[in-house]
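Okay, so here's the structure we're looking at.
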Amino acid sequence: MQPLQTTSLRVADNQLFILDQQALPQQKQWLPASTVEELVGHIHALRVRGAPLIGLSASLLLALLAEQGANRDQLAQALATLRASRPTAVNLMNNLDRMKQALAQEHFVAALSAEALRLIEEDKALCDNIANAGSALVTPGSRLLTHCNTGGLATAGVGTALGVIALAHQQGNVANVWVDETRPLLQGGRLTAWELGELGVPYQLITDSMAASLMAKGQVDAVWVGADRIAANGDVANKIGTYSLAVLAKFHNVPFYVAAPQTTLDPHCPNGDAIPIEQRAAAEVTGVAGSFGAVSWAPENARVYNPAFDVTPAALISGWVLDSGVVTPADVVNGIFQPR
Ligand code: MRU
């Protein structure tokens with residue numbers, strides 16, 4: 001395969017490498033993802049993360065394994081294992097369904113490679129379209145709040161919600177970004193803060209529990225988040241804590257926008273109750289770990305509840321900003337979300 005480089009994926013010498021998103025921002029280290037076991041390990045540990053990126057990394061690895069001589073049965077098994085690596089972000093399933101069709105073709109090696117590269121290029125274009133559609137909603141002097149990480153690290157392009165914020169900043173309309181640290185794994189504090197700093201966007205890092213008082217003081221003009229799956233009725237699964245922000249935004253009359261590409265839509269999922277929510281390890285809540293070491297503060301045998309995502313009901317969302325344009329609450333007809 002031809003060499004390829006995005007913010008967090010690299011193909012060089014026919015090998016896949018990932019930028020370790022658990023080591024950032026203290027260390028910028030690229031790790032090999034040469035086998036299914038290796039990539040699944042990175043996905044479980046959130047070294048590769050973000051709804052679009054996990055689908056793209058899995059697709060690239062399949063294409064590379066095919067080029068290295070894996071047969072159709074081995075690739076089908078690899079595809080099934082990768083598809084099951086995380087349950088919530090439907091981009092993974094949607095991308096791998098496309099790869100499955102390529103695998104069914106006679107010249108599957110070339111077909112898989114072409115399809116993986118097409119998915120990468122498409123994702124870049126989807127991000128650009130989202131940024132264009134979303135930035136039109138950002139008014140001059142905006143103080144925006146965002147949760148988790150939705151930037152170039154999580155996609156092949158400029159990102160989703162963070163792509164909107166970056167373009168709105170270039171257009172001179174962003175006064176400040178409130179960055180939720182995003183417990184438990186701190187994708188906001190580690191990654192969004194780093195990306196905004198690199199882009200020169202003014203931001204202030206806050207703990208997740210500070211959003212309410214900021215909104216009460218009139219310090220937040222809009223909330224922008226990404227999505228891991230959008231159900232047929234417009235309910236949205238995203239990083240845990242998103243739902244609380246949507247409730248707060250509704251109470252304080254702050255617009256709440258969800259930015260996502262078409263690969264995040266799941267028309268087969270009737271509503272948020274049907275979205276599978278990933279449960280994660282207790283250690284992520286009883287302490288923190290990172291390139292700076294591991295710290296644990298809870299009693300050793302503390303019982304823990306650690307869902308990675310929550311569901312925001314469609315009724316709390318002011319707009320779904322897709323690559324095809326902005327869907328408003330008026331476009332949810334008879335309980336069905338109608339993308340343009
Ligand atoms: O557990 P993560 O870090 O993969 O969760 C990521 C999110 O929830 C993002 O908001 C979502 O995937 C959109 S990324 C463009």
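The values are calculated or read from the model by the stated rules, or taken from the named source; none is laboratory data. All values derive from a computational prediction rather than experimental measurement. Glycine also receives a Cβ, built like all others from the backbone with ideal geometry; neighbour counts cover every protein chain displayed.
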field: Pairs, first among the hydroxyl-bearing types (Ser, Thr, Tyr) and in a helix (DSSP H, G or I) in the stretch 183-200, second near the ligand (Cβ under 10 Å from one of its atoms) and at pLDDT 95 or above, C-beta under 7 Å, six or more apart
entry: 192/146; 192/149; 192/151; 192/162
message: Quick check on the stretch 181-194: of everything there that is in contact with an Asp or Glu (Cβ under 7 Å, 6 or more places away or on another chain) and more than 14 Å from residue 151 (Cα to Cα), which residue is surrounded by the fewest Cβ atoms within 10 Å (Cβ to Cβ)?
response: 183
field: Any hit, the stretch 222-230, residues being in contact (Cβ under 8 Å) with a residue 40 or more places away in the chain, more than 17 Å from the chain's Cα centre (by Cα) and surrounded by 19 or more Cβ atoms within 10 Å (Cβ to Cβ)
entry: yes
query: Does the stretch 52-71 contain any residue that is of a type in the set (Val, Ile, Thr) and assigned to a helix (DSSP H, G or I)?
result: yes
query: Residues of the stretch 233-252 being among the small types (Gly, Ala, Ser), surrounded by 18 or more Cβ atoms within 10 Å (Cβ to Cβ), out of contact with any Gly (no Cβ under 7 Å at 6 or more places or on another chain) and closer than 24 Å to residue 86 by Cα, which ones?
result: 234, 241
query: residue 179 versus (1) within 16 Å of the ligand (Cβ to nearest atom); (2) assigned to a helix (DSSP H, G or I); (3) within 22 Å of residue 21 (Cβ to Cβ): which is the lone unmet condition?
result: (2)
Residues that are within 17 Å of the chain's Cα centre (by Cα) and part of a loop (DSSP other than H, G, I, E, B), drawn from the stretch 7-41: 7, 8, 20, 21, 22, 24
- prompt: If only one of 154, 168, 131 is buried (at least 20 other Cβ atoms within 10 Å of the Cβ) and near the ligand (Cβ under 10 Å from one of its atoms), which one is it?
  reply: 154
- prompt: Does at least one position in the stretch 6-13 carry a residue that is over 18 Å from residue 152 (Cβ atoms), of a type outside the set (D, E, K, R) and in contact (Cβ under 8 Å) with a residue 12 or more places away in the chain?
  reply: no
message: Going by what's in this entry, would residue 255 be described as within 20 Å of the chain's Cα centre (by Cα), surrounded by fewer than 22 Cβ atoms within 10 Å (Cβ to Cβ) and away from the ligand (no atom under 16 Å from the Cβ)?
response: no
Residues of the stretch 258-287 classified as more than 21 Å from the chain's Cα centre (by Cα) and among the hydrophobic types (A, V, I, L, M, F, W, C), total: 2
statement: For the stretch 86-104, the count of residues that are within 11 Å of the ligand (Cβ to nearest atom) and either of a type in the set (Gly, Ala, Ser) or free of Cβ contacts under 8 Å to residues at least 40 places away in the same chain (or both) equals 1
query: Residue check: is residue 276 touching a Pro at 6+ places or on another chain (Cβ under 9 Å) and surrounded by fewer than 14 Cβ atoms within 10 Å (Cβ to Cβ)?
result: yes
query: Can you tell me which residue in the stretch 65-85 is farthest from residue 277 (Cα to Cα), limited to those that are without any contact (Cβ under 8 Å) to a residue 24 or more places away in the chain and loosely packed, with under 15 Cβ neighbours inside 10 Å?
result: 69
